[in-house]
Amino acid sequence: MFERLVGGPGGLVPNAVQQRLSAVALYAIGALVLLFVLTPIYLMVVVALQSPQTLFSGGELTLIPPTLTLNNFVTLVEQTSTVSYFLNSVIITVSSVFLSTTLAVVSGYSLTRFDISAKTLVARAVLFSYMVSPIVLAIPLYVIFFRLGLLNQYVSAILAVTAISAPFSIWLMWQYFQNIPIAYEESAWARGASRWRAVRDVVLPLARPGYISVAIFSFAVAWNDYTMVKVVLSDESLYPLTVGSELIFQEVFIGWGEQMALLFIISLPPFLVAAFLQNYLMQGFNLGHGE
Amino acid sequence: MIMAKAITLDGFTKRYGTMVAVDDISLDIPAGEFVSIVGPSGSGKTTLLRMIAGLETPTVGRILFDDKDMTTVSPQDRPLSMVFQNIALFPHMTCRENVGYGLKIHGMPKAERDQLIDEAAKSLQIEDQLEKVPSELSGGQQQRVALGRAFVEDPDVLLLDEPMSDLDAKLKEDLRIEFQRLHRELDATFVYVTHDQREAMTMSDEIAVMRKGTVEQFGDPETIFHDPDSEYIATFIGTPSTNIIEFDADGELARRGTTSVPLPAEARDEERVRVGFRPQYLRAGGGEVEVDVLVDVIEPLGVDYVVHATTVDDSSRLDLVTTDVSKLSPGDKITVGSRLADVFLFRADGRRIRSGAEGGVDL
């Protein structure tokens, strides 16, 4: 409503000034957001890389450390099960990402391309099930796995975590496939390609931003999951980092430095995934409109 | 031995729920012909083409290629190639890969494939574009690449679904020539769907004019133009459109003002007849059948002029094409006329009244 007054063409403020102002505002807001996001991360890193001697020297938290050390990480690796927890996290996450993405691609494609009765209803039900809090799913899942004799195995953790990520993954993939015109496939069919061949040669390459987004999303769910794993696993040797870190923090020799070092280890993979795949992520959530 | 196939449609019907998209069409498309299916949007022409391709299954009816029943054969196994309206080049493949995709599917070795692709590219003048991806090409170049796909596959039947609807006029002219050249070079039956009657008229051996899911008339362009079966055909085919003027009928004659048209015996019970005048056959100054009109607008088209006019008594629109407008200006009241042999008579419901022995409207 103020556009005619101060902004937009013909406003009171000249265009050049408007552009400069909006650039300044953009950077100011960016800097503010960055400050909020980076402060805790900086604290984590700075504590993780200091020895206890320098950490509280002078009674205050040292924000600019005189020397850096990797001792905290060494302690974690040598005296705790960090490495084993990390491997468990990797096993559960990689399997869950693979499972969730495959499910999403297959279901999304089927929902888009096949005449399934009440498919909009099905798709909505899938999305709705994502709205349900994980803890509501956890107890029935516990009972199911108990009956099946699957408790306390990787497979139950993988399935439970996938149950959390799959609904949204399927919904996202369904949306993405709807944006791929069927004409590409028809063109492939008319030239002799079977349905599978057309999917492999044409649909999957075009859907790459979609399924990579789905993979990133299910990675984030699986890597950070605490609830489901906690419920279905009781054997400590199967714990991933999220649940395992609890046990590590209880050890008497674990101080602030080691805690932050462990958090740093937990945070690193998601950071790397986001950093390297962010282009795909943007394209994927755009649902193909922004290309 | 690859040879053009004759296509026979037998009682072809497609229903979506209660909507009838294609209604009981039986059609014989001779082998090797260039056949256009033309009609306004929603007339079922694309559905018909997609059923020929096998992308849709008819609710009722059969389709035969030569004498082989193809009704239940999947699109992959029909000996045809298809050019799509939205071109449908695979955006993630280079043009070379796009053109060669069908050959690759059929297991042709790369060296042979490349040779065919290069030949096709040379013929279609897209050699420089082969290593680019489709998004780097203009619309016209993309459609040439799409034609290249059909070219290398050497199909028995080539289906074209409004391939030029997104292109500009100059490109359309170039591609029209390209389609006809392709038709000469490939031993294939062409089925070309379009809403543009001009494309259909200029390229086809035969035209099927569709209306509301049925084929209203099937014939060569001259027949469709000079001997339409209905008012719908007469007004749909030809530019400018055929003028329709209502005449009162009283038994043997249909009258309007001072002019009259003798009615054939079978039309003697009609109360009103609709008379169709092709703008090209109307002459300022009158003729055997005359109408008084007011000139509204004169459009120069180079050699020809299109004169848009309205009838004096009931303001029906009437266009005529003429080469001399030196005596005409907007607002003039003139008498235009046509030879009796050049007018069409239609019943009130649009069906053609063909004259028997006694009429003067025989063609």
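The values are calculated or read from the model by the stated rules, or taken from the named source; none is laboratory data. Predicted model, so just to flag it, every value in this text is computed and none were measured. Note: ideal-geometry Cβ built from the backbone for every residue, glycine included; neighbour counts use all protein chains shown. Accessible surface areas use protein heavy atoms only, side chains included; no ligands, DNA or RNA. Shrake-Rupley method; radii C 1.70, N 1.55, O 1.52, S 1.80 Å.
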- Got a number for residues in the range B:30-87 being over 23 Å from the mean Cα position of the chain (by Cα) and within 13 Å of chain A (Cβ to nearest Cβ)? 8
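Within the bounds of the range A:242-253, is there any residue that is β-branched (Val, Ile, Thr), more than 29 Å from residue A:173 (Cα to Cα) and open to solvent by 20 Å² or more (accessible area, probe 1.4 Å)? Before you say what the answer is, go through the steps one by one.
Start the filter on the range A:242-253 by keeping residues that are β-branched (Val, Ile, Thr), which leaves A:242-243, A:248, A:252.
Narrowing further to those that are more than 29 Å from residue A:173 (Cα to Cα): A:243, A:248, A:252.
Filter once more, keeping what is open to solvent by 20 Å² or more (accessible area, probe 1.4 Å): A:252.
Yes, the conditions are met somewhere in the range A:242-253.
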- Query: Can you find even one residue in the range A:183-203 that is surrounded by fewer than 23 Cβ atoms within 10 Å (Cβ to Cβ), in contact with a Leu (Cβ under 6 Å, 6 or more places away or on another chain) and within 13 Å of chain B (Cβ to nearest Cβ)?
  - Reply: yes
- Task: Test each condition in (1) within 22 Å of residue B:177 (Cα to Cα); (2) within 14 Å of another protein chain (Cβ to nearest Cβ); (3) surrounded by fewer than 18 Cβ atoms within 10 Å (Cβ to Cβ) for residue B:118 and report the one that comes out false.
- Result: (2)
- Give, as residue ranges, the strands (runs of 3 or more DSSP E) completely inside the range B:194-269 that count at least 3 residues that are among the aliphatic types (A, V, I, L, M) and in the same structural domain as residue B:305 (by TED's automatic domain parsing). B:243-250
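Which residues, taken from the range B:1-47, are aliphatic (A, V, I, L, M) and open to solvent by 70 Å² or more (accessible area, probe 1.4 Å)?
Within the range B:1-47, the first condition is being aliphatic (A, V, I, L, M), and the residues that meet it are B:1-4, B:6-7, B:9, B:19-22, B:25, B:27, B:29, B:31, B:35, B:37-38.
Result: B:1, B:2, B:3, B:19.
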- Take the residues of the range A:68-107 that are within 30 Å of residue A:119 (Cβ to Cβ) and open to solvent by 70 Å² or more (accessible area, probe 1.4 Å): which is nearest to the chain's Cα centre (by Cα)? A:98
- Message: Of the conditions (1) in contact with a strand residue (DSSP E or B) (Cβ under 9 Å, 6 or more places away or on another chain); (2) open to solvent by less than 20 Å² (accessible area, probe 1.4 Å); (3) modelled with pLDDT under 90, residue B:140 satisfies every one except a single condition; which number is it?
- Response: (1)
- Count - residues of the range B:169-185 that are of a type in the set (A, V, I, L, M, F, W, C), modelled with pLDDT under 85 and either open to solvent by 60 Å² or more (accessible area, probe 1.4 Å) or not in a helix (DSSP H, G or I) (or both): 1
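If only one of B:202, B:194 is closer than 18 Å to residue B:87 by Cα and of a type in the set (S, T, N, Q), which one is it?
On the way: B:202 fails: closer than 18 Å to residue B:87 by Cα.
After applying the criteria, what remains is B:194.
When the residues of the range B:148-168 are narrowed to those that are more than 20 Å from the chain's Cα centre (by Cα) and either open to solvent by 20 Å² or more (accessible area, probe 1.4 Å) or at pLDDT below 85 (or both), which ends up nearest to the other protein chains (Cβ to nearest Cβ)? Steps first, please.
Kept after step one, since they are more than 20 Å from the chain's Cα centre (by Cα), are these residues of the range B:148-168: B:148-156.
Filter once more, so that each one left must be either open to solvent by 20 Å² or more (accessible area, probe 1.4 Å) or at pLDDT below 85 (or both): B:150-151, B:153-154.
Values: B:150: 9, B:151: 12, B:153: 7, B:154: 12 Å.
Applying the filter and picking the extreme gives B:153.
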- For the range B:123-130, does any single residue satisfy the condition of being more than 14 Å from every other protein chain (Cβ to nearest Cβ), part of a helix (DSSP H, G or I) and free of Cβ contacts under 8 Å to residues at least 24 places away in the same chain? yes
- Item | Residues (open to solvent by 50 Å² or more (accessible area, probe 1.4 Å) and either within 23 Å of residue A:177 (Cα to Cα) or touching a residue at least 12 places away in the same chain (Cβ under 8 Å) (or both)) located in the range A:275-284 | A:277, A:278, A:279, A:280, A:282, A:283
- Message: I want to confirm something. Restricting to the range B:88-99 and keeping residues that are more than 10 Å from chain A (Cβ to nearest Cβ) and not in a loop (DSSP other than H, G, I, E, B), which single residue is most open to solvent (accessible area, probe 1.4 Å)?
- Response: B:96
- Message: I'd like the full set of residues that are modelled with pLDDT under 90 and either among the small types (Gly, Ala, Ser) or more than 30 Å from residue B:39 (Cα to Cα) (or both), limited to the range B:231-257.
- Response: B:238, B:248, B:249, B:250, B:251, B:252, B:253, B:254, B:255, B:256, B:257
- Task: Just one of (1) modelled with pLDDT under 90; (2) more than 14 Å from chain B (Cβ to nearest Cβ); (3) surrounded by 14 or more Cβ atoms within 10 Å (Cβ to Cβ) trips up residue A:121, so point out which.
- Result: (3)
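Being part of a helix (DSSP H, G or I), away from chain B (no Cβ under 13 Å) and closer than 19 Å to residue A:101 by Cα is true for just one of A:210, A:244. Which residue is that? Write out each step before concluding.
On the way: A:244 fails: closer than 19 Å to residue A:101 by Cα.
Answer to the check: A:210.
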